[in-house]
Amino acid sequence: MAGRPRAWIMPSARPRLPFPMPDKASSSTTDLRHPWLAAWLVYLEPASLRMLALGFSAGLPLLLVLGTLSFRLREAGIDRTTIGYLSWVGLAYAFKWVWSPLVDRLPLPFATRILGRRRSWLLLAQGLVMAGLVGMALVDPRQGLNAMVWCALLVAFGSATQDIALDAFRIESADADRQAALAATYQTGYRLAMIWAGAGVLWLAARSEDASATGYQAGAWATAYLVMAASMLVGTLTVLLSPEPAPRPLAPAKNLGEWLRGAVVDPFADFISRYRWQAALILALIAVYRISDVVMGIMANPFYVDMGYSKDEVAAVTKVFGVVMTLVGAFVGGVLSMRLGVMRVLMLGAVLSALSNLLFAWLGQRGHDVTGLVLVVSADNLAGGIASAAFIAYLSSLTNVQYSATQYALFSSMMLLLPKWLAGFSGQFVDAHGYSAFFTGTALLGLPVLVLVGLASRVKKG
């Protein structure tokens, strides 16, 4: 998904792995004669295809503890303010940098020796996600909301841990020129999982309902969430069948203090030493780039419920068609980034993401309008795909392979910390001011992003 950063990344920020992709040399002739064809064929390389399945495993839990869960809770009669506060479960993703040094460097007893550091952590994380999803399946939020929250936290913690290990696995599986392709196929699998965890879970719940009953049906949702737990086996099997990236040597630590310095201090010190005062600008951009999308997204599903859209309508339009449009945007963003540069596409994605939120304000004035929903969801997801494509490549380019898990976890955590915290108040804002004012406000949140992208573009070129 995102681009070839040669024109704007400092040499020290573009570490290359000592093990080149095996098919890179053989494709050099194609690169010279048909550069656009080569840019597309990279998606068929083995490392890219592995990321397709692993992206599915990464994308499955997110909606089940955030978007789809908010639909389920609203249908169960939980008020919007409470739903907004419960979105803080997603802050687990924003604080994953806290334990990322452990995932980056700490071997798991027995498992690491057999599977390798990255694969052993991936399997542990996937097991936590499956256990949490089973718990969410068996809990009725009307009678045990606290238990539901604890299970959702387990899913979020396991999912965030999987993200840490998977980001390192992806970055260490190819050199800098292939990161855009790996990010694109990762996002493809991620978005396919979101179709399944969005449309699939709604479809399963609707099909499992008792036609003679009305209102919220806990058994239907239990069936849907148990199927989601079983779907995590896609990632588990892929991990077992994938090769461990070539291990990088780690100097043995003489004591706990030396280990902590290498695991915790050095990754952050490395980033500051490479970018110096520019690090503050880069971190500010990372912190707010997706703020419009994240804050708006928490109230999207309650909005659909309150506008009278059925499970089947939401599944078909927002969870299937919308995700397909995100995939289109992801691949378009990936190719544009490789040919035009990441920073230009970052700016384009920021503009489109903010403008698409205004369309939701327009939709809120129309009531139950399926045609309008299709148009708005198409524009919103296309914009989101383009923005995500460039942003993931941008984050990947900033890491040093020696600290890939820790540094990428820091960046992706900062991306979510402020937006997730602010999103917790979204239900309270909607209750006080209505949906139209809320969606307009989230669009305005994107204005500082445009300024920061412009400043970052000049800094990188200078």
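The values are calculated or read from the model by the stated rules, or taken from the named source; none is laboratory data. Remember, predicted model here, so these are calculated numbers, not experimental data. Note: ideal-geometry Cβ built from the backbone for every residue, glycine included; neighbour counts use all protein chains shown.
Every condition in (1) under 19 Å from Phe56 (Cα atoms); (2) in a helix (DSSP H, G or I) is met by Val149 except one, and the failing one is (1).
Only one of these is of a type in the set (Val, Ile, Thr), over 27 Å from Ala387 (Cα atoms) and at pLDDT 75 or above: Thr214, Thr223. Name it. Before you say what the answer is, go through the steps one by one.
Working: Thr214 fails: at pLDDT 75 or above.
Of the residues listed, the single one that is of a type in the set (Val, Ile, Thr), over 27 Å from Ala387 (Cα atoms) and at pLDDT 75 or above is Thr223.
Taking region 410-461 as the region of interest, none of the helices (runs of 4 or more DSSP H) fully inside it holds 2 or more residues being in contact with a strand residue (DSSP E or B) (Cβ under 8 Å, 6 or more places away or on another chain) and buried (at least 22 other Cβ atoms within 10 Å of the Cβ).
Those residues that are β-branched (Val, Ile, Thr) and buried (at least 23 other Cβ atoms within 10 Å of the Cβ), I need them from region 90-124; list them, please.
Restricting attention to region 90-124, the residues satisfying the condition of being β-branched (Val, Ile, Thr) are 98, 103, 112, 114.
Val103, the sole residue that qualifies.
For region 330-345, the criterion of being among the hydroxyl-bearing types (Ser, Thr, Tyr) and modelled with pLDDT of 85 or more is met by no residue.
Restrict the check to region 416-436 and report whether at least one residue is among the aliphatic types (A, V, I, L, M) and closer than 25 Å to Gly334 by Cβ. Even if it seems obvious, please write down each step before you answer.
We begin by selecting, within region 416-436, every residue among the aliphatic types (A, V, I, L, M); these are 416-418, 422-423, 430, 432.
Those still in the list that are closer than 25 Å to Gly334 by Cβ too: 416.
Yes, the conditions are met somewhere in region 416-436.
Examine region 385-394 for a residue that is surrounded by 16 or more Cβ atoms within 10 Å (Cβ to Cβ) and of a type in the set (Ser, Thr, Tyr), and state whether such a residue exists. Yes; the residues of region 385-394 include at least one that is surrounded by 16 or more Cβ atoms within 10 Å (Cβ to Cβ) and of a type in the set (Ser, Thr, Tyr). Checking Arg458, Arg366 one by one, the residue that is touching a helix residue (DSSP H, G or I) at 6+ places or on another chain (Cβ under 9 Å) and basic (Lys, Arg) is Arg366 and no other.
Counting only helices (runs of 4 or more DSSP H) that fall entirely inside region 60-144 and contain at least 1 residues that are touching a residue at least 12 places away in the same chain (Cβ under 8 Å) and basic (Lys, Arg), the qualifying elements are 67-75, 80-86, 100-105, 117-138. Those helices (runs of 4 or more DSSP H) of region 286-331 in which at least 3 residues are of a type in the set (Val, Ile, Thr) and buried (at least 23 other Cβ atoms within 10 Å of the Cβ), considering only elements entirely within it, cover 291-298.
With respect to Arg339, is the statement that it is touching a Ser or Thr at 6+ places or on another chain (Cβ under 9 Å), over 19 Å from Arg74 (Cα atoms), surrounded by fewer than 21 Cβ atoms within 10 Å (Cβ to Cβ) and charged (D, E, K, R) true? Talk me through it step by step, then tell me what you get.
Working: touching a Ser or Thr at 6+ places or on another chain (Cβ under 9 Å): no; over 19 Å from Arg74 (Cα atoms): yes; surrounded by fewer than 21 Cβ atoms within 10 Å (Cβ to Cβ): yes; charged (D, E, K, R): yes.
So Arg339 fails the test.
Only one entry of Val449, Val374, Val401, Val370 meets the criterion of being more than 28 Å from Ala315 (Cα to Cα), among the β-branched types (Val, Ile, Thr) and modelled with pLDDT of 85 or more, and that entry is Val449.
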